[in-house]
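The values are calculated or read from the model by the stated rules, or taken from the named source; none is laboratory data. Being a predicted model, the structure only gives us computed values, none of them experimental. Reconstructed Cβ throughout: ideal geometry from the backbone, glycine too, with neighbour counts over all protein chains shown.
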Amino acid sequence: MQRFLDPTVLANISSLDLIAKTVVDGFVSGLHRSPDFGFSQEFAEYRAYVQGDDLRHVDWNLFARTERCYLKRYKGETNSQLVVMLDASNSMQYGSRKPVKADYARYLAASLFYLAIRNQHDAAGVIVFDDEVREYVQPSMRQGQLTRLLAALEQAEPRSRTDFFKPLTHLQALLHRRGIVIVISDFYEDPETIVQALEVLRFRGNDVVLFHVLDPQELRPELKGPAILVDLESQQNIEVVPEYVAARYREKLQAHIEQLRTRAQAAGLGYQLLPTDQPLDAVLREYLSVRQAER
């Protein structure tokens, strides 16, 4: 299974649905039994059956008495709504190898949706943004929701520049239920600006997570000679030499990452750095273990 979870291999699969299934199957098969995943043994409540739910969890005794179909919910089904905010600005189209950042972000978002809807039976929605809200699919558990979400991801081609405040203003007006908000971006913005834009969601009771997607060449660039680098969003040019890349650039990037991580965690936001050469099931498993430790 492991070779199918390598991002380079996944990049050769054309179907987001298949990619998500592959990643989630690998993730689930690698999980130890956890009270925070799937159906545990401690009953919590009933909820109405929704088409597509696993019939194994229907209370057939209750159905025999009432002719109404309900599922038993158990402790461990803790999150009822997931919203992914996907950065589709121009900087996300960079990639020194397959997949580029935008595709890796889409794979991750598709896997989260598949996990939420097919495995956890949660509502899920998405906001695709750059400097505007380009696509919004309202969180839902309706039949066909996964298809709608994957279609939105397929159309999320990088363009324009990043602006975190506009999509958040849009989301705040539409988000009436508390849940998990996951922001997937390369976060090329001042960390203080990013945290200020996102912490209002935390104040409203949401669990906010930052998934920081970067290419290996952004983290550990290798230059054999002088080069001109182009900012994909502003189109500004800068001439660099290998000595600068090996020392000063890496220092600046690490400082940016640490500042973003520190400020996010101080504001009660989750943070995870995701190099695009890292298998996605390992990313999900690592993040789950961190969340469990924090609890």
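Candidates in segment 98-145 are the residues that are assigned to a strand (DSSP E or B) and without any contact (Cβ under 8 Å) to a residue 24 or more places away in the chain; of these, the one that is surrounded by the most Cβ atoms within 10 Å (Cβ to Cβ) is 137.
Filter segment 168-193 for residues that are touching a residue at least 24 places away in the same chain (Cβ under 8 Å) and among the polar types (S, T, N, Q); which is farthest from residue 131 (Cα to Cα)? Per the stated criteria, the residue is 172. Selection within segment 236-258: residues that are modelled with pLDDT of 90 or more and surrounded by 15 or more Cβ atoms within 10 Å (Cβ to Cβ). The member of this set that is nearest to the chain's Cα centre (by Cα) is 257.
Within segment 1-37, can you find the residues that are part of a loop (DSSP other than H, G, I, E, B), modelled with pLDDT of 60 or more and either in contact with a Ser or Thr (Cβ under 9 Å, 6 or more places away or on another chain) or surrounded by 13 or more Cβ atoms within 10 Å (Cβ to Cβ) (or both)? Walk me through how you get there before you give the answer.
Taking segment 1-37 and keeping what is part of a loop (DSSP other than H, G, I, E, B), we get 1, 6, 11-15, 30-37.
Okay, now just the ones that are also modelled with pLDDT of 60 or more, so 6, 11-15, 30.
Within segment 1-37, 6, 11, 13, 30 qualify.
Listed conditions (1) free of Cβ contacts under 8 Å to residues at least 24 places away in the same chain; (2) under 13 Å from residue 191 (Cα atoms) are all met by residue 241, apart from (2).
I'd like the residue in segment 148-167 that is under 19 Å from residue 15 (Cα atoms) and either in contact with a helix residue (DSSP H, G or I) (Cβ under 6 Å, 6 or more places away or on another chain) or without any contact (Cβ under 8 Å) to a residue 24 or more places away in the chain (or both) and, out of all such residues, is surrounded by the most Cβ atoms within 10 Å (Cβ to Cβ). Among them, the one singled out is 149.
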